[in-house]
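J.: This is the structure I have questions about; it appears just below.
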Amino acid sequence: MGARVSDLLGGLAPSATLAVDARAKALKAAGEPVIGFGAGEPDFPTPPHIVEAAARACYDPANYKYTPTAGLAELREAIVAKSLRDSGLAVDATQVLVTNGGKHAVATALKCLLDPGDEVLIPAPYWTTYPEAVYLCGATPVPVMTDSALGFRLTVEDLERARTDQTKVLIFVSPSNPTGAVVRPDDVAAIGRWASEHDVWVLCDEIYEHLTYGGARHVSLPVVAPEVGERWIVVNGVAKTYAMTGWRVGWMIAPRDVAEAAINYQSQTTSNISNISQRAAVAALTGDLAAVSQMRAAFDRRRRTMCAMLNAIDGVSCPEPEGAFYCFPDVSGLLGRSVGDRVAETSAELAESLLETIQIAVVPGEAFGAPGFFRLSYALGDDDLVEGLERFATLVAKG
Ligand SMILES: Cc1ncc(COP(=O)(O)O)c(C=O)c1O
């Protein structure tokens with residue numbers, strides 16, 4: 001008898017970040033004093049004017065029907081206006097497809113571009129979804145390791161080492177999950193020029209565009225590197241900017257022929273995104289950015305606290321992240337030695353041991369192609385953050 005599940009799906013890895021988060025939430029629900037550093041979502045509620053727009057939409061029968069596959073006209077127009085306002089990216093609504101979150105936009109974009117045999121450059125440490133989404137297209141993910149001494153900022157030299165004749169796409173994410181690295185504007189432009197010289201498409205993941213700290217700022221690659229011409233796709237969404245992870249609204253913007261292929265694909269798979277969520281997204285995007293600047297101030301404070309507390313632990317070293325809401329410390333100094341009377345040989349074992357002994361949930365670097373590291377989200381309350389890191393520091397000090 002053949003396998004019950006296809007070879008393709010049988011070979012797919014589960015999302016490690018969602019798994020850690022689910023485990024932490026389950027333990028918490030069972031009464032354990034778990035502090036979760038695993039989640040990739042803001043701890044703030046969605047701003048009230050957005051929730052109210054959704055509530056009103058529930059009472060409008062127009063929203064009980066299918067919308068066009070590509071999304072409500074108002075939402076596509078709001079995405080056009082927002083792109084110009086926030087990053088100077090000038091597009092028209094026919095280039096926009098509304099998707100079920102940014103993750104769906106990434107998967108759809110890759111589906112539009114890839115054939116078996118194509119290679120996709122993925123800067124590492126990488127968001128755990130990218131290689132699996134490439135794999136699902138029958139193409140080959142090629143991790144491109146960045147240098148922790150350079151704050152994990154991608155360079156043209158890193159890319160050139162990994163390029164082959166099969167390289168079709170570069171996934172470019174800045175600010176980055178999991179490292180928080182933000183590539184400098186000049187380097188973004190250089191990466192765009194490199195892509196155009198080698199006919200490489202750039203899939204720009206801009207989901208963390210508004211979460212940058214200190215002097216760092218996000219720039220949109222097709223804006224600072226117009227040389228990429230018609231070989232770029234931008235993906236984005238409301239999840240991180242407006243604390244709307246559960247509403248599931250993202251989008252992709254692409255040259256018209258690719259956008260049409262994506263809309264066609266979505267028409268045969270998921271159809272439109274929930275109308276209620278789309279109405280909420282219209283309210284989010286046509287409103288101001290006051291909520292995100294408040295969240296950014298809180299994240300910035302927590303970022304500095306977390307980074308300082310991690311660096312104070314013997315055996316842990318953490319470059320200061322400049323964007324998103326993650327710290328990505330090197331914990332290799334804790335491996336092979338006693339921590340809380342246990343000896344872990346890998347960061348995955350250490351993460352497991354921390355959850356069992358001091359009830360803190362972190363995602364091990366293995367999930368991001370970087371063993372020896374941890375990813376800790378600082379999108380949690382200040383008190384929990386401090387208490388969780390104190391537990392960690394106390395355990396390490398005990399040996
Ligand atoms: C780098 C990156 N891109 C895209 C997403 C997708 O977000 P969502 O599908 O919730 O819109 C995430 C979420 O964690 C992310 O970290």
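The values are calculated or read from the model by the stated rules, or taken from the named source; none is laboratory data. From a predicted model like this one, the values you see are computed outputs, not experimental measurements. Counting neighbours? That spans all protein chains shown, and the Cβs are built from the backbone with ideal geometry, glycine included.
Residue-wise test of (1) within 16 Å of the ligand (Cβ to nearest atom); (2) among the polar types (S, T, N, Q); (3) modelled with pLDDT of 95 or more.
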{"residue": "Y242", "(1), (2), (3)": "yes, no, yes"}
{"residue": "Q278", "(1), (2), (3)": "yes, yes, yes"}
{"residue": "A281", "(1), (2), (3)": "yes, no, yes"}
{"residue": "T286", "(1), (2), (3)": "no, yes, yes"}
{"residue": "I313", "(1), (2), (3)": "no, no, yes"}
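J.: A follow-up question, please. With the structure loaded, tell me whether A189 is surrounded by fewer than 24 Cβ atoms within 10 Å (Cβ to Cβ) and in a loop (DSSP other than H, G, I, E, B) or whether it fails that test.
T.: In short, no.
J.: Report yes if some residue within the range 329-344 is under 20 Å from the mean Cα position of the chain (by Cα), buried (at least 21 other Cβ atoms within 10 Å of the Cβ) and modelled with pLDDT of 95 or more; otherwise report no.
T.: yes
J.: Would you confirm whether or not the range 139-159 contains a residue that is touching a helix residue (DSSP H, G or I) at 6+ places or on another chain (Cβ under 6 Å) and crowded, with 24+ Cβ neighbours inside 10 Å?
T.: no
J.: What pairs come out if I take residues in the range 41-63 that are under 25 Å from S377 (Cα atoms) and of a type in the set (S, T, Y) and pair them with residues that are within 16 Å of the ligand (Cβ to nearest atom) and in a loop (DSSP other than H, G, I, E, B) whose C-beta lies under 7 Å away, six or more apart or interchain?
T.: Partner pairs satisfying both residue conditions: T46/Y242; T46/A243; T46/M244.
J.: Right, another one. Restricting to the range 96-112, name every residue that is polar (S, T, N, Q) and surrounded by fewer than 22 Cβ atoms within 10 Å (Cβ to Cβ).
T.: Once the filter is applied, which keeps residues that are polar (S, T, N, Q) and surrounded by fewer than 22 Cβ atoms within 10 Å (Cβ to Cβ), the range 96-112 yields only N100.
J.: Looking only at helices (runs of 4 or more DSSP H) that lie completely in the range 11-104, which have at least 1 residues being closer than 25 Å to P364 by Cα?
T.: 16-29
J.: Which condition number in (1) within 18 Å of P178 (Cα to Cα); (2) of a type outside the set (A, V, I, L, M); (3) in a loop (DSSP other than H, G, I, E, B) is the one that E366 fails?
T.: (3)
J.: Then there's this: Filter the range 134-163 for residues that are polar (S, T, N, Q) and assigned to a loop (DSSP other than H, G, I, E, B) and give the result.
T.: T146, T155
J.: Based on this model, can you work out whether A290 counts as within 16 Å of the ligand (Cβ to nearest atom), surrounded by fewer than 23 Cβ atoms within 10 Å (Cβ to Cβ) and among the small types (G, A, S)?
T.: So A290 does not fit the description; no.
J.: Based on what the data block shows, is A133 farther than 23 Å from E227 by Cα, out of contact with any strand residue (DSSP E or B) (no Cβ under 6 Å at 6 or more places or on another chain), of a type in the set (G, A, S) and within 15 Å of the ligand (Cβ to nearest atom)?
T.: Answer is yes for this residue.
J.: How many residues are of a type in the set (V, I, T) and more than 16 Å from the ligand (Cβ to nearest atom) when one looks only at the range 245-266?
T.: Residues in the range 245-266 being of a type in the set (V, I, T) and more than 16 Å from the ligand (Cβ to nearest atom): 2 in total.
J.: If the Cβ limit is 9 Å and pairs must be 6+ apart or interchain, which residue in the range 366-380 that is without any contact (Cβ under 8 Å) to a residue 40 or more places away in the chain pairs with which residue that is outside any strand (DSSP E or B)?
T.: Close Cβ pairs satisfying both conditions: P371/S332; P371/T346; P371/S347; P371/A348; P371/G365.
J.: Show me the helices (runs of 4 or more DSSP H) found entirely inside the range 263-361 where at least 3 residues are β-branched (V, I, T).
T.: Qualifying helices (runs of 4 or more DSSP H): 275-286.
J.: Just name the residue that is nearest to the ligand (Cβ to nearest atom) out of those in the range 222-240 that are in a loop (DSSP other than H, G, I, E, B) and surrounded by fewer than 24 Cβ atoms within 10 Å (Cβ to Cβ).
T.: Among them, the one singled out is A239.
J.: I'm trying to understand the selection: among the residues of the range 170-194, which are more than 15 Å from the ligand (Cβ to nearest atom) and under 22 Å from the mean Cα position of the chain (by Cα)?
T.: R184, P185, D187, V188, A189, I191, G192
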